[in-house]
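These notes are about the structure you will find just below.
The values are calculated or read from the model by the stated rules, or taken from the named source; none is laboratory data. It should be emphasised that the depicted structure is a prediction, and the values quoted were computed from it without experimental measurement. Cβ: placed from backbone, ideal geometry, glycine included. Neighbour counts: every protein chain shown. Just so you know, the surface numbers come from the protein's heavy atoms only, side chains and all, with ligands and any DNA or RNA stripped out. Shrake-Rupley method; radii C 1.70, N 1.55, O 1.52, S 1.80 Å.
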Amino acid sequence: MIRQIDNAFILETDNTAYVFTVIDIGYLEHLYYGRRIRLEDSKTIEALIEKHEFVPGNNNVYNEENSSFTLNDIRLEFSANGKSDNREPFIEVVHADGSRTSDFVFESAKIINGKIPLSTLPSSYDKGGECSALIITLADRQYDLAVELSYYVFEKCDVITRSAKLINRGKDSARILRFMSMQIDTDRKDMIFTTFNGAWIREMGRVDHELKRGRIVNDSCVGASSSTANPFVMFSEKSTSENSGRAYGFNLIYSGNHTEIAEVSEFGKLRFLSGINPKGFEFCLEPGSEFEAPEAVFTFSDEGFNGMSYNMHRFVSDHILRGEWANMERPVLLNSWEAAYFDITEFKLLRMARKAKSVGIELLVMDDGWFGKRNDDRSSLGDWYPNKRKLPGGVKGLSKKIHDLGIGFGIWVEPEMISEDSDLYRAHPDWAMKVPEKPHSPGRNQMILDLANPEVCTYLENTLTDLFETGNIDYVKWDMNRTMSDVYAPSLAPSQQGETAHRYIMGLYGILDKLTKRFPDILFEGCASGGNRSDLGMLCYFSQMWGSDDTDASERVAIQTGYSYGYPLRTVGAHVSSVPNHQTLRVTPLETRFDVAAFGALGYECNLCDLDTGTLEAIREQISLYKKWRSVFQMGRFYRGENIYDGNTASFNAVSADRSRGVALYYRKLSVPNDQSGTIKMHGLEKDALYRFYNRPFKLDVRMFGDLINMIAPVHVKNGSAVHDLVSKFVKLDGEQEDYTVYGDVLSEAGVHLLPAFSSTGFNSRTRVFPDFSSRLYFAEKK
């Protein structure tokens, strides 16, 4: 709901309120954002307005008629250079006369129902009039420029979005150097600013910054939202925990260069800005034209980080994801990459498919290596036709054979790239992004196609349409394996090169919009060397993203936890791979690899044809269990446990929408000597309902005890010997079994104290054997 009281605007969701007002000089002053409060008339609004009588020394005033304050000490909704606000600005424009001063003041406001989509970028959508909108127009007092600030209120999700449009009403062009998506100023300087940073195969690490004086910048300038700095960020109080305290979440519906800036001013005011990264950005705004900034998304909860995440998850599910796969359960897939890398043939893929079918896998994905003369990463990107030596019947023939087995067929593509050794480059060298007649800095032996060029975009649309249609494709893994260097678009004039990175993203979005609408049945997964472009912009087209090229279960606990703060985990692909792991050489138990991957879009990435019958049977049981609980894993409400921060143990759980079923993970990275205790909580269940809480029966391999087997063996068994292996085939030990009937509030508040962990002094069937990198899944079913 949106209300106007005199000059003040009140944006209300079910549980939050966002308030700002127009002050006398026409600027917008931010007043409040947080838990919903009662504001009934102008007198209650006045209590929120900051009072000023005298300007602090060494500060400037807006004009002589308003000499009691400086804009440098006002909480603003929108800011610019030149009129006494010295903080980071929302907008920076170079006018035709060379001036960089802007003076945007209130012109009009209108409140409407429904969601207006952006015309050049993806944005959130409204289902059936659930959202209300406030459109504020600001006009520059001295120049013929106007800004539209659009606020959209999604009441049920407790989410507000905000976007901005710059309009040139004049006869002269203007150069945009900076145009952000959102700004919020507050006098809460004692906040923690949380960013999610990392690197390739080390994405989404949570970093907490204690705000004092100065600014902290979270940004990307590599042409993608990046694995180093995701656009999702949080603010919280120092006392905020997973289940209590104030937490704010902010995200951006954009996949290119972005920045999130937290600045504490000389007066202790906190300013947060989010939008396109101004580094390397410049855009010429011609007379009569408009420029759209990406849409920003923000939410507040006083129920801790889990409450904030729940708001974000609902919003992404209901207003970002779209098409048939938005709320459809994801299939269990097998990806060929770590099983074969580039060495794939139809014969190998069909063997994999048959084995996949036998264990319950529902879809086979043919990864890199199927096209052109692609035997390594040095050639053929751009040549999207099958290598007939590997695929005699082409993609179409292989697809039919796999479909005839009763499973789906998926394919890997990297359409945005071009190899120098490719037919496409030989035909169109001017389609590659590089500075003409200058040395180019390559990445992964490839270059990037100029998607600012409409001709390139049309070529990709037609080529991929033909591939997806003739191949009868069910799933597409869309990759992008390098970042931008020597940023230059041959299709643009020299004076437009500052527009390259943004026009590239707009071109990409145009391609994706056409393809996903043309192929609504295809499940698209976005990938960019793993999580180099995992963001809300891509989720507007792709129903899931490959969160990291790191499939190590221990690393994935941290990576998937990071994603969970802002993204539903069903949008994050998670695979069970072989050991030693290909990224870390770490050996983790098969059950742990499954337990962690189950809290995502589950897949397998190993050569099933090389596995023994015991391992295949274990995988068959895993997949059967997952299908029984898939709706809870993928669609349930997700909670992180408080112990996620202690560095060694982690827990999280998901609960079905009707709260009748729940599943929890308990993970410990390293074994602690003589530490027998363990407690698991399960949040979100009905507090007054009775539940059966249990773990599934399982057997222990005697080999995990090493030569301790000789404590009970009638004859000596050498550790690692053939005899040891033989014994393990016939002798299995019972794992511990937890089984209790308890109320929901017991599970959420007290938790279940688990059976004691092994601590060297004895073992029986009530001992929890929990060596390094161990985990358990626990289930709750309403009685």
Practice problem: Give the residues of region 189-226 that are charged (D, E, K, R), closer than 25 Å to Ser548 by Cα and open to solvent by 20 Å² or more (accessible area, probe 1.4 Å), sorted by residue number. | Solution: Arg202, Arg206, Asp208, Asp219
Exercise. Return the total of residues in region 239-264 being in a loop (DSSP other than H, G, I, E, B) and within 16 Å of Met308 (Cβ to Cβ).
Key: 7
Quiz prompt | Residues of region 72-83 satisfying the condition of being open to solvent by less than 10 Å² (accessible area, probe 1.4 Å) and out of contact with any strand residue (DSSP E or B) (no Cβ under 7 Å at 6 or more places or on another chain) | solution = Asn72
Practice problem: Exactly one condition in (1) open to solvent by 10 Å² or more (accessible area, probe 1.4 Å); (2) within 30 Å of the chain's Cα centre (by Cα) is not met by Gln446; state its number. | Solution: (1)
Self-check item: Flag for Pro392 being in contact with a strand residue (DSSP E or B) (Cβ under 7 Å, 6 or more places away or on another chain), farther than 28 Å from Val222 by Cβ and of a type outside the set (Lys, Arg)
Solution: no
Self-check item: Subset tally (residues that are free of Cβ contacts under 8 Å to residues at least 24 places away in the same chain, over 21 Å from Ala174 (Cα atoms) and open to solvent by 40 Å² or more (accessible area, probe 1.4 Å)) for region 87-117
Solution: 3
Quiz item: Scanning region 612-624 for residues that are crowded, with 17+ Cβ neighbours inside 10 Å and in contact (Cβ under 8 Å) with a residue 60 or more places away in the chain, which turns out nearest to Ser244 (Cα to Cα)?
Solution: Ile623
Quiz item: Taking region 257-298 as the region of interest, how many residues are of a type outside the set (A, V, I, L, M) and within 22 Å of Arg215 (Cα to Cα)?
Solution: 20
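Go through region 369-380 residue by residue and tally those that are touching a helix residue (DSSP H, G or I) at 6+ places or on another chain (Cβ under 8 Å) and either more than 18 Å from Thr470 (Cβ to Cβ) or of a type in the set (S, T, N, Q) (or both).
Of the residues in that region, 1 qualify.
One line per residue, one yes/no per condition, for (1) open to solvent by 60 Å² or more (accessible area, probe 1.4 Å); (2) more than 30 Å from Phe315 (Cα to Cα); (3) touching a residue at least 40 places away in the same chain (Cβ under 8 Å):
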site: Arg3; (1), (2), (3): yes, no, no
site: Thr13; (1), (2), (3): no, no, yes
site: Tyr18; (1), (2), (3): no, no, yes
site: Glu29; (1), (2), (3): no, no, yes
site: Asp41; (1), (2), (3): yes, yes, no
site: Ser68; (1), (2), (3): no, yes, no
Quiz item: From the set of residues in region 561-576 that are among the polar types (S, T, N, Q) and surrounded by 24 or more Cβ atoms within 10 Å (Cβ to Cβ), which is nearest to Arg668 (Cα to Cα)?
Solution: Ser564
Exercise. Can you confirm whether region 118-130 contains a residue that is in a loop (DSSP other than H, G, I, E, B), closer than 30 Å to Ala326 by Cα, touching a Gly at 6+ places or on another chain (Cβ under 6 Å) and open to solvent by less than 20 Å² (accessible area, probe 1.4 Å)?
Key: yes
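For region 304-316, indicate whether the set of residues that are outside any helix (DSSP H, G or I), in contact (Cβ under 8 Å) with a residue 24 or more places away in the chain and open to solvent by 10 Å² or more (accessible area, probe 1.4 Å) is non-empty.
Taking region 304-316 first, the residues outside any helix (DSSP H, G or I) are none.
Within region 304-316, not a single residue is outside any helix (DSSP H, G or I), in contact (Cβ under 8 Å) with a residue 24 or more places away in the chain and open to solvent by 10 Å² or more (accessible area, probe 1.4 Å).
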Quiz prompt | Some residue of region 321-332 being over 30 Å from Trp370 (Cβ atoms) and open to solvent by 10 Å² or more (accessible area, probe 1.4 Å) | solution = yes
Quiz item: Are any residues in region 569-581 in contact with a strand residue (DSSP E or B) (Cβ under 7 Å, 6 or more places away or on another chain), at pLDDT 95 or above and not polar (S, T, N, Q), and if so, which ones?
Solution: Arg570, Val572, Gly573, Ala574, His575, Val576
Exercise. Within region 503-523, work out how many residues are in contact with a strand residue (DSSP E or B) (Cβ under 7 Å, 6 or more places away or on another chain) and either at pLDDT below 95 or surrounded by fewer than 24 Cβ atoms within 10 Å (Cβ to Cβ) (or both).
Key: 2
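Under 38 Å from the mean Cα position of the chain (by Cα), in a loop (DSSP other than H, G, I, E, B) and acidic (Asp, Glu): does that describe Glu29?
Taking the combined requirement at face value, the residue does not satisfy it.
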Exercise. Answer yes or no: is there a residue in region 695-717 that is at pLDDT 95 or above and surrounded by 13 or more Cβ atoms within 10 Å (Cβ to Cβ).
Key: yes
Self-check item: In region 582-601, the residues that are in contact with a strand residue (DSSP E or B) (Cβ under 7 Å, 6 or more places away or on another chain) and either assigned to a loop (DSSP other than H, G, I, E, B) or over 16 Å from Ser554 (Cα atoms) (or both)
Solution: Pro589, Phe599, Gly600, Ala601
Quiz item: What is the residue count in region 467-496 for residues that are touching a residue at least 60 places away in the same chain (Cβ under 8 Å), open to solvent by 20 Å² or more (accessible area, probe 1.4 Å) and in a helix (DSSP H, G or I)?
Solution: 3
Quiz item: Failed condition for Val632, given (1) without any contact (Cβ under 8 Å) to a residue 60 or more places away in the chain; (2) open to solvent by less than 40 Å² (accessible area, probe 1.4 Å); (3) among the hydrophobic types (A, V, I, L, M, F, W, C); (4) in contact with a helix residue (DSSP H, G or I) (Cβ under 8 Å, 6 or more places away or on another chain), with all others met?
Solution: (4)
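Give the number of residues within region 43-62 that are in a helix (DSSP H, G or I) and either over 22 Å from Phe78 (Cα atoms) or free of Cβ contacts under 8 Å to residues at least 24 places away in the same chain (or both). Spell out how you get there, then give the answer.
Initially, region 43-62 is screened for residues in a helix (DSSP H, G or I), giving 43-46.
Okay, now just the ones that are also either over 22 Å from Phe78 (Cα atoms) or free of Cβ contacts under 8 Å to residues at least 24 places away in the same chain (or both), so 43-44, 46.
Looking only at that region, the number is 3.
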Quiz item: Take the residues of region 341-359 that are open to solvent by less than 20 Å² (accessible area, probe 1.4 Å) and touching an Asp or Glu at 6+ places or on another chain (Cβ under 9 Å): which is farthest from Ser564 (Cα to Cα)?
Solution: Ile344
Quiz prompt | Number of the condition not met by Ile111 [criteria: (1) out of contact with any strand residue (DSSP E or B) (no Cβ under 9 Å at 6 or more places or on another chain); (2) farther than 18 Å from Met180 by Cα] | solution = (1)
Quiz prompt | Answer residue from region 227-261, given it is small (Gly, Ala, Ser) and crowded, with 24+ Cβ neighbours inside 10 Å and is farthest from Leu512 (Cα to Cα) among those | solution = Ala247
Quiz item: Is there any pair with a first residue in region 276-293 that is in a loop (DSSP other than H, G, I, E, B) and a second that is modelled with pLDDT under 95 and open to solvent by less than 20 Å² (accessible area, probe 1.4 Å) whose Cβ atoms are under 7 Å apart and which are 6 or more apart or on different chains, and what are they?
Solution: none
Quiz item: Just wondering, is there one or more residues in region 536-554 that are under 22 Å from Ser419 (Cβ atoms), outside any helix (DSSP H, G or I) and at pLDDT 95 or above?
Solution: yes
Exercise. Report, ordered by the first and then the second residue, all pairs with beta carbons closer than 8 Å, sequence separation of six or more or different chains, a first member in region 385-408 that is β-branched (Val, Ile, Thr), and a second member that is in a strand (DSSP E or B) and open to solvent by 20 Å² or more (accessible area, probe 1.4 Å).
Key: Val395/Pro386
